[in-house]
Amino acid sequence: MTPYFWIVKGKELVVKLYSKSPLENLSEIEIGLLKVEEINLENIMTIQPFKGKAKSVSKTLNKRLGLGLPEVGKSVNHKHNTVMWIGMDQFLLVGEKIEIKEAALTDQSDAWTILSLTGDKTADVMDRLCPVDTRVLKTGDVVRSMIGHMSAIIEKTEAGFKLMVFRAFAKTLLHEVCNSMKSVTAQENLKNA
């Protein structure tokens, strides 16, 4: 399939692009008891409340989506929407598109790669990838850190972790995670041999 097609706009032929996921709809990779898969999302946007408007923005989000702005280092989820703290007065909405007059909104939908890391020993995998002690994170905690040489957002989930890096690093992230998964699995196999 070609990544574009021609459409008529007025009297001109123009190219309409298809959107593609950063890892081209990667299916689940399983190594030992660990799994990694790409999460494809339709909408990701940053929310930066204007000065003094954070409470108003939180109320608007709660009214429209059933969740407000999270505390520092946290995320909140409701149905298929998640709002994550990603920095001072900066939040990331993953889910429905929304308009909020009291905040600067930026569409980030094509800017991020998101991997879900699940299974037994996910903390061991993260030990090899990240300088943060992810073992102390509780479900819903969010940290900004490094994975290898890449700036990342790491969210602790019930089943493991969500790892987010800029789209340009998609294949590097997958490579790093898979190598770490192989290492953890090999060590477990040696222990059990």
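A short reminder: the numbers here are calculations on the coordinates, not readings from a lab. Just so it is clear, the model here is predicted, and its values are computed rather than measured. Positions of Cβ are generated from backbone atoms using ideal geometry, with glycine treated the same way; all protein chains shown enter the neighbour counts.
A few comments on the model shown:
- Sequence ranges 61-68, 132-139, ranked by mean other-Cβ count within 10 angstrom, highest first: 61-68, 132-139
- Summarising the strand pairing of the chain, around 100 percent of its internal DSSP beta bridges are antiparallel.
- Relative contact order %, the chain, counting alpha carbon pairs below 8 Å whose residues are six or more apart: 21 percent
- All aspartates and glutamates inside 16 Å of K101 as judged from Cα atoms, apart from same-chain residues fewer than 8 positions distant: D89
- For the range 113-193: rounded, prolate or oblate by the Cα gyration tensor [a/c cutoff 1.5]: oblate
- Taking the range 69-159 and dividing mean pair separation by its residue count, relative contact order in percent (alpha carbons under 8 Å, at least six apart): 23 percent
- Segment H149-K51, length gained on full extension (0.36 nm per residue, minus Cα span): 32.0 nm
- Length-normalised contact order of the range 2-115 in % [C-alpha pairs under 8 Å, at least 6 apart]: 27 percent
- Inter-part distance where the range 148-193 and the range 70-97 are each reduced to a Cα centre, Å: 22 Å
- Potential lengthening of the chain between E30 and E12 amounts to 1.7 nm, from the contour at 0.36 nm per residue minus the alpha-carbon distance.
- Overall form of the range 94-158 per C-alpha gyration tensor (a/c, 1.5; a/b vs b/c): prolate
- Cross-link table K53/K74; K162/K191; K20/K138; K97/K121; K55/K97; K35/K79, entries beyond 26 Å C-alpha to C-alpha: K162/K191; K20/K138; K97/K121
- Cubic angstrom per residue, convex hull over Cα atoms of the chain: 146 Å³
- Across the range 149-162, coupling constants 3J(HN,Hα) worked out from phi with the 6.51/-1.76/1.60 Karplus curve, θ = phi - 60°, read 9, 9, 5, 9, 10, 10, 10, 7, 10, 4, 8, x, 9, 9 Hz, and Gly and Pro carry x.
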